[in-house]
Each structure stands twice: as C-alpha cells, then as structure tokens.
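Trainee: Got a structure for you, written out below as structure tokens; questions coming shortly.
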Amino acid sequence: MRSSRFLASAFLLGLAVFTNCTKKTTSSGAKPGEEIVGEQLLAGADLTKARTNYTNYCGGCHGRDLETFVNRKWQHGDSPEALFKGIKHGYPNQGMPAYATTFTDQEIQHLVSYIREGIVAQRGKPEAKANVNTSRSEKLSFQLDTVLTGLDVPWAMAFLPNGDMLVTERGGTLYRFTKDRQLQKVAGTPEVLAQGQGGLLDVKLHPNFAKNNLVFLSYSAVKKDGGQTLSTTALMRARLDGNTLADQKVIFEAQPWARTRHHYGSRIEFGRDGYLYFTMGDRGGTKINPQNLGVHAGKTHRIKEDGSIPADNPFVKQADALPSIYTFGNRNAQGMAVNPATGDLWLHEHGPKGGDEVNIVKKGANYGWAEVTHGIDYNGSIISDLKQKEGITDPIKIWVPSIAPSGMAFVTGGRYKGWEGSLLVGSLSFKFLSRLEVDGNKIVREERLLQDIGRIRDVRVSPDGYVYVAVEKPGAIYRLVPVSQ
Ligand code: HEC
C-alpha cells in the first residue's frame, strides 16, 4: 500500500499540470453489459487518461481540481458503485449528464477512482472551494458543460436533427461533432481566404433539412486579379451526404470583390417567409458602400434558396439598385435571429469605436451607416456628428463602448426559468455573454454573464433547448446547464 502522502503529492502534481487537451476518448475493452464496480488504484497511463477525461468532460462543472467533490455532502452516497452509476446513467433532472455512450465501463471505473483518490489528495489544500463553476444569473444558476475543446476559431454551430452538430472553423474546415463527441471532418467545403476576419464563416440548415439535407455556408471567396488577391462574401448551398457536401452550388457572390480582409458580415437566417436573409459587411468601404444601392456591401440581402430573387424585394423595380438588397446602411452584422414572439428578424452590428447596435430588420430600411453613428473612428476621428436623421431607422439598443457583438439567439424551449424570450449576444472584445430582456420591440435590461469566458463568436439554442456558446482562441464550445437550487 502506498503512503497517502505519496498519493497526495502525485495528485497535486497531476492536477497542477492540467492542459487544454483535446484528446477524444476511444471506446475499447468494454464488454457489453459488464459493469465493473470494484476499486483499483490508478497509476501511469490509466491515471493520465482518467485525468484527461475528467478535465475534458467533468472539470467544467465540477471544478478542475475536483472542487465540488471535496467535502461534499453526497446525494447518492460516496461508494464506488454510487459514483459509477451516477456517471454512467446521469441525473438528468439535476443537470448531471449520462456518459454511458461516451465512455466504456472501464473508463468510468477509472473516473470513479480518480475522483475518490483525488478527494483524499485535495483535502489538505486550504483553498479548495465548492461550486466554483456554478455561475449565477439574476434569474437562475447554471453550470458550464465543456462540450468541445481544441479548436481555433469556431465561427458557427448548427444542430442536426439526429443530435450531431455542424461546426465551422474560420480556417476553412467544416466539422461534424457527433452526439457521442467524435469530431469528424466534412469534405467538399469551398475554397476560402482565411486571412483577417475571413474564412469559412456561417453554417445554416435549410428549414426542411430533415427532408432535403440542404445546408448553407457563407465564406470569404478568393480570386486572383492581375497581381492582386481579391475576396468577397459568398454563399454555397450543398446537400450533406454523410460527411460530404454534394451538389455544391454557389448561390451568391457579393460585389464588389475587394482587397480588404474584413467586414464580411455573413450571418444567415431563414425568415418566417421562408426566404434566406444574410448580412453583408461594408468591406471597409465606409463612405462608399453602405449608402450605395449599386453594390452588395453594407446591406442585408433576401434571396430564395437557389439564389434567385423574390419578386417583392424592396428595390427590384429600381434600375440602379441590386435586387437582392433588403436593407442598407449596415456596417458589419455578425448576428441575426428571428424573434419568436413577433416573427421579426433581428440583427446586431458592429459599430466603429462605440456604437454597436441591435436593429429590427425592416423591408427597405436605411440604418444610417456611415451618415449617422453613435461611435467614432478607431483612431478617434469623427465619422459623423449625427446620431439620428430623417429617413434613418434608429437602433433599439446601442453599446458604447463597443462590445464587438457576434452570434445571436433568443432563448426558447422552457429550460431556463426567467430567461425565456431573452436575447443572447456574444461579446468578442469584453468576453462575456449579454442577456437582453425583451419587451415587445424594446430591450429593457441587460445582464452580463460568463465574464472572461473568452471571445464569444457564436451563441445558439439547440433543438432540445440548451444554450451553446462558441469561444475563440483557444476555440471551445460550452453548454449552459441550469441547476435547480
Ligand atoms: C453540465 C454540468 C456537469 C457535467 C459536465 C458533469 N456533471 Fe456531474 N453533476 C452535475 C450536477 C448538477 C450534479 C447534481 C449534484 C450537484 O448539484 O452537484 C452532478 C452530480 C454528479 C455526481 C453525484 C454526486 C452526488 O452528490 O451524489 C457524480 C459522481 C458526478 N456528477 C460525476 C461527474 C463526472 C465524473 C463527470 C464527467 C464525466 C460529470 N459529473 C460531469 C453536473 C455536471
């Protein structure tokens, strides 16, 4: 029998060198139906693997250093059998997920030993705190479930009907993340210019995906022109066939192609009318693009799923205007969602230094960029003295200073008591999740959650009603699990 002091220091050493490991669990050695519940001392490879699994799957909610287990009043007893059962089958009503499909029985057994040995090791440590990973909102408490780590810049998430998730990486890869947490590459993605803010950007399922398997991708397309490399925002439609995109069709290419590498816009959303709306940034052409109906940049667009133009678009009869334009005077919008209470499309857009906005998307409306703004240029110079002007639609919310909003979702599905109907918006620069309480067409209150979680690039609500956030550099996806008090 090893001395407990040796065991303790081995654990503390191990706990101190936790890394952001991305290893995925491989299922091996489990004999079906055989539940191993005896206890064993962990060493070597088994210890390393258990620690990695704990870090990747459990640490987000239970504390990287086992904080919620040390000095715990066990609800289901602290026997190896009780822990094993809890991990395998979960306590879904309390927010404890089941891991029966994630781990083999032996891996669960090793987790049990890891926790039980770790608690003994941790007891001597004065700073061990309970429940450090429970976050409190004004309305409810929740825990962070680390769903996926090891990415660079996950830009968007889309939930497939079978429980898998599609994830874009800005670098150009489309992943399928299976419900048993395997990360698989999807082939057939478009060539992208992964420079600056560009790359593979949004992913959206067709509203009738269950029948037609169609997905839509937005990205920065690239072409050579003389000695120059130009890019623009483009949209591809394709059929997801296993892990391959088939029948790819480029349904939109924004004009003009530009040498800049920023303000690609790119959020895609289907309206209640069944048409595809997407945002197009100004590509840096502040004074020339957003108010010019002859270019696509600095607008939102409305098209049919094959790229053709709905006959009732606002500018179809105007000779000098591009027919896909639905609104103009937009700067760079990276969040768009249908408000379930009203059916309206809402978006937010990046302001310059100050002046990020939430806008309700109205047919033919001018949102004013760059004739009016609540912000100033990044270098401090004045872009416009005006904050309002005749004929320009006011935002319903502004952020000064800018939070750099990205990703947008309305909370639906009834899982989050007190949050239902709230609008969630990620902040890239201040690294929090903004929860905005909505009353009709007004935003009446803001609460800032997940302070310092990282640059939030996307936020979505899954079909089973959970909030997911995607964070950049290091790229990770988290799920917010409400905890009953
Ligand atoms: C999404 C958050 C979340 C994740 C991820 C999670 N748990 Fe839990 N777990 C909970 C909650 C909530 C409970 C219920 C008790 C509580 O409130 O702490 C719980 C309970 C438990 C219990 C029973 C505790 C008792 O008092 O009887 C065990 C054992 C446990 N978890 C182990 C694990 C292990 C091992 C992992 C990783 C494989 C894991 N959990 C992952 C949230 C989580």
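Trainee: In segment 68-84, what count of residues is obtained for those that are assigned to a loop (DSSP other than H, G, I, E, B) and hydrophobic (A, V, I, L, M, F, W, C)? Walk me through it before giving the result.
Mentor: In the first step, residues of segment 68-84 are kept if they are assigned to a loop (DSSP other than H, G, I, E, B); the result is 68-79.
Subsequent filtering for residues that are hydrophobic (A, V, I, L, M, F, W, C) retains 69-70, 74.
Residues flagged as assigned to a loop (DSSP other than H, G, I, E, B) and hydrophobic (A, V, I, L, M, F, W, C) within segment 68-84 amount to 3.
Conditions tested, residue by residue: (1) within 33 Å of the chain's Cα centre (by Cα); (2) modelled with pLDDT of 75 or more; (3) crowded, with 18+ Cβ neighbours inside 10 Å; (4) among the basic types (Lys, Arg).
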| position | (1), (2), (3), (4) |
| --- | --- |
| 2 | no, no, no, yes |
| 20 | yes, no, no, no |
| 26 | yes, no, no, no |
| 34 | no, no, no, no |
| 72 | yes, yes, no, yes |
| 80 | no, yes, yes, no |
| 94 | yes, no, no, no |
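Trainee: Would you check if residue 371 is surrounded by 16 or more Cβ atoms within 10 Å (Cβ to Cβ), in the same structural domain as residue 343 (by TED's automatic domain parsing), acidic (Asp, Glu) and farther than 14 Å from residue 356 by Cα? Show your work before the answer.
Mentor: Values: surrounded by 16 or more Cβ atoms within 10 Å (Cβ to Cβ): yes; in the same structural domain as residue 343 (by TED's automatic domain parsing): yes; acidic (Asp, Glu): yes; farther than 14 Å from residue 356 by Cα: yes.
Yes, satisfied.
Trainee: Kindly provide the set of residues from segment 192-240 that are within 18 Å of residue 255 (Cα to Cα) and among the acidic types (Asp, Glu), ordered by number.
Mentor: Correct list: 225 only.
Trainee: So, one more: Within the bounds of segment 381-398, is there any residue that is of a type in the set (Ser, Thr, Tyr), touching a helix residue (DSSP H, G or I) at 6+ places or on another chain (Cβ under 7 Å) and exposed (fewer than 13 other Cβ atoms within 10 Å of the Cβ)?
Mentor: Here is the first cut: in segment 381-398, the ones of a type in the set (Ser, Thr, Tyr) are 381, 384, 393.
Cutting the leftovers down to touching a helix residue (DSSP H, G or I) at 6+ places or on another chain (Cβ under 7 Å) gives us none.
Scanning segment 381-398 turns up no residue that is of a type in the set (Ser, Thr, Tyr), touching a helix residue (DSSP H, G or I) at 6+ places or on another chain (Cβ under 7 Å) and exposed (fewer than 13 other Cβ atoms within 10 Å of the Cβ).
Trainee: Follow-up question, since we're still on this one. Take the conditions at positive phi and of a type outside the set (Phe, Trp, Tyr) and apply them to residue 242. Does it pass? If you could, list the steps in order and put the result at the bottom.
Mentor: Working: at positive phi: yes; of a type outside the set (Phe, Trp, Tyr): yes.
Here the answer is yes, as residue 242 does meet what is asked.
Trainee: Can you name the number of the only condition in (1) surrounded by 24 or more Cβ atoms within 10 Å (Cβ to Cβ); (2) farther than 16 Å from residue 266 by Cα that residue 343 fails?
Mentor: Looking at each condition in turn, residue 343 falls short on (1).
Trainee: Run down 478, 466 and say which single residue is among the aromatic types (Phe, Trp, Tyr) and touching a Lys or Arg at 6+ places or on another chain (Cβ under 7 Å).
Mentor: 466
Trainee: Just name the residue that is nearest to residue 220 (Cα to Cα) out of those in segment 274-308 that are hydroxyl-bearing (Ser, Thr, Tyr) and touching a Ser or Thr at 6+ places or on another chain (Cβ under 7 Å). If you could, list the steps in order and put the result at the bottom.
Mentor: Taking segment 274-308 first, the residues hydroxyl-bearing (Ser, Thr, Tyr) are 275, 277, 279, 286, 300, 308.
Adding the requirement that they be touching a Ser or Thr at 6+ places or on another chain (Cβ under 7 Å) leaves 277, 279, 300.
Working: 277: 17, 279: 13, 300: 16 Å.
By that ranking, first place goes to 279.
Trainee: Surrounded by 24 or more Cβ atoms within 10 Å (Cβ to Cβ), touching a residue at least 12 places away in the same chain (Cβ under 8 Å), outside the structural domain of residue 284 (by TED's automatic domain parsing) and part of a strand (DSSP E or B): is that true of residue 336 in this structure?
Mentor: The answer is no for residue 336.
Trainee: Restricting the first residue to segment 61-90 and requiring it to be in the same structural domain as residue 105 (by TED's automatic domain parsing) and more than 7 Å from the ligand (Cβ to nearest atom), which pairs with a second residue that is in a loop (DSSP other than H, G, I, E, B) and of a type in the set (Ser, Thr, Tyr) meet a Cβ separation below 9 Å and a spacing of at least six or different chains?
Mentor: If the second residue must be in a loop (DSSP other than H, G, I, E, B) and of a type in the set (Ser, Thr, Tyr), the pairs left are 88/99; 89/99; 90/99.
Trainee: For segment 278-295, enumerate the residues that are free of Cβ contacts under 8 Å to residues at least 60 places away in the same chain and within 24 Å of residue 346 (Cβ to Cβ).
Mentor: Within segment 278-295, 280, 281, 283, 289, 293 meet the criteria.
Trainee: Name every residue in segment 92-107 that is more than 7 Å from the ligand (Cβ to nearest atom), within 26 Å of residue 415 (Cβ to Cβ) and part of a helix (DSSP H, G or I), in order of residue number.
Mentor: Correct list: 92, 93.
The values are calculated or read from the model by the stated rules, or taken from the named source; none is laboratory data. Quick caveat: nothing in here was measured; it's all calculated off a predicted structure. All Cβ positions, glycine included, derive from the backbone under ideal geometry; neighbour counts span all protein chains shown.
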